[in-house]
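The structure under discussion appears below in the form of C-alpha cells.
Derivation of every value follows stated rules applied to the coordinates shown; laboratory data play no part. Bear in mind that the values here come from a model prediction, so they are computed numbers and not experimental data. Glycine also receives a Cβ, built like all others from the backbone with ideal geometry; neighbour counts cover every protein chain displayed.
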Amino acid sequence: MRNIIIFGGSSHPKLAEQIAGRLGVSLGRVELSKFSNKETNVEIRESVREKDVYIVQSGCGHVNDNFMELLIMISACKIASAAKVTAVIPCFPYARQPDAPYKRNGEPLSRIPRDKFLGYTFDTPPNLSTATTPMDEGKDPFNATSSKIGEENSTCSDADSINELRHYNSTMMSSSSSSGKSGAYRHWVARSGTLIANLLTCAGADHIMTMDLHDPQFQGYFDVPVDNLYGLPLMIKYIRENIPSWESAVIVSPDAGGAKRATAIADKLRVEFALIHKERRLQHKPHKADMMLVGQVRDKVCIMIDDIADTSITITRAAKVLVENGAKKVYAIITHAIMSGDAIKRIQQSAIDQVIVSDSIPQDEHLVQCSKIKVFEIAPIFAEAIRRVHNGESVSALFNDRTMLLV
C-alpha cells in the first residue's frame, strides 16, 4: 500500500503491529516518552507529508495519559502536512458518559419532568421538610392550568422520573445541610461526550475509527466521519469454530440494553434468543432489582453477548440466573474486557465456564490470572477497514454475509 503510515501509541503496541503486519507495511517510527514532570513528549521520526496517517491508540490503561498522547500525535502529524489523519481507537474512552441525563439505576430519563426546577433558584435556602413531604401533598403551580392534561397524559415513566429527581434533590439538600453549606445548589454530573469529540477534531483528526461504541449516539458528536466497526463477525466466527454444539445453543443478552446486539448474532446463527431483565418490584427499594430470565435455557448451552465487561458484576449475576434455570454450560463473549477491581476474581468464582474477549485491550495479565479467559483478535477487521478506507471502498460491505466469512 502506497502513501500510508501507521503509528502505534503506547496503550496497545501489539495491536498496532498486528494491523500493520496484515497490511504489509512497517510501523512508523515515533518516540513516545514522559518528561520528569509527567508531561507527554512525542517525536515523529519520519516524514508524513501528503500521506494518509493512521494512529492506533486504544482507550485503556492510563486512559487520560493515553488520550492526551493521541491528541499530541494527531496534532504533530497535522502540523507536519499529513494529507489525512485517522484516529484508530478500538476501545473508545469516555464512551459511557454521554450528554443525556440518566437516573441512578442507569436508565435514561425519557423527558424532563415538569416540576424538575419547581421553585428552585440559586438563592433558595435548603428546606429539609420537603424531603419528607408526600408527592400528593406537594404544591404544584402547574396544576391550576394543566391538571386535566397531566392526568390524561401521565405515564409510569413520568412518575418514575419525578420520584427519582425528588429523592435525589432531597438527598443533596440533606448532605448540603449536614456539611454546613448554605444554598440549595443542585448537583449536576458533567457529561464529556461533546468535549471528547471536540478535542479530537480540534487536534486535527479527519476521521475516527472505533469498534462497538457503548452508546451509538457518540457518533453524532463529531463533525468528521466516524466508522463504528462491529465485533459481530469475529464473534460469530469464534462461536462456529470453537464452541461445541453451537447449533442448539441459546444466545443470551445479560441486560435489556444489549438485546439488539444479541438478537443480530442469534439471527445470523439461526439459533434461539433469551434475555435477562432487571425488574425493580419494590418501590421503597428501587436500587434492588430482581434478575428475571425471558426465554428457555434448560439443558442448553448459553452464550452471553455484551460489549463491555468492567467490574463483571452483570455477566456473573446473569450466569447465576442461567444456571439456576437449568443451563448446561455458560459462555460469555465480550468486545471490551476492561476487568477492573475484583473482576477477574469474580469471574473465576462464577458459574461462567469460559469468557471470550477481544484484544481491543491488552489481555496478557488477565490470561495469567484467570484460566477461563480466551482471546480473539480484532486486527483482521481493523486492517481490512483501513485498507477499504485508504482505497476508497465501502466499509459497510465489510459486514455482508459473504465478506464476514473471509475476515
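For this structure, a couple of remarks:
- Taken over the stretch 7-60, the percentage of Cα pairs per 10 Å bin, counting from 0 up to the bin with the maximum distance, is 22, 51, 24, 3.
- Amide proton proximity set for K278, modelled H, under 5 Å, gap of 5+: A256, M292
- Column: log10 I(q)/I(0), Debye, Cα scatterers of the stretch 296-407, q = 0.22 Å⁻¹: -1.09
- Long pairs among K300/K374; K51/K374; K14/K329; K38/K345, criterion Cα-Cα beyond 29 Å: K51/K374; K14/K329; K38/K345
- R0 of 30 Å, Cβ-Cβ distance S371-E46: FRET efficiency to nearest 0.05: 0.10
- Take the Cα of I313, step 7 Å toward its Cβ, do the same at L27, and the gap between the two points is 3.6 nm.
- Cα-Cα over 29 Å, subset of K278/K328; K268/K328; K84/K260: K84/K260
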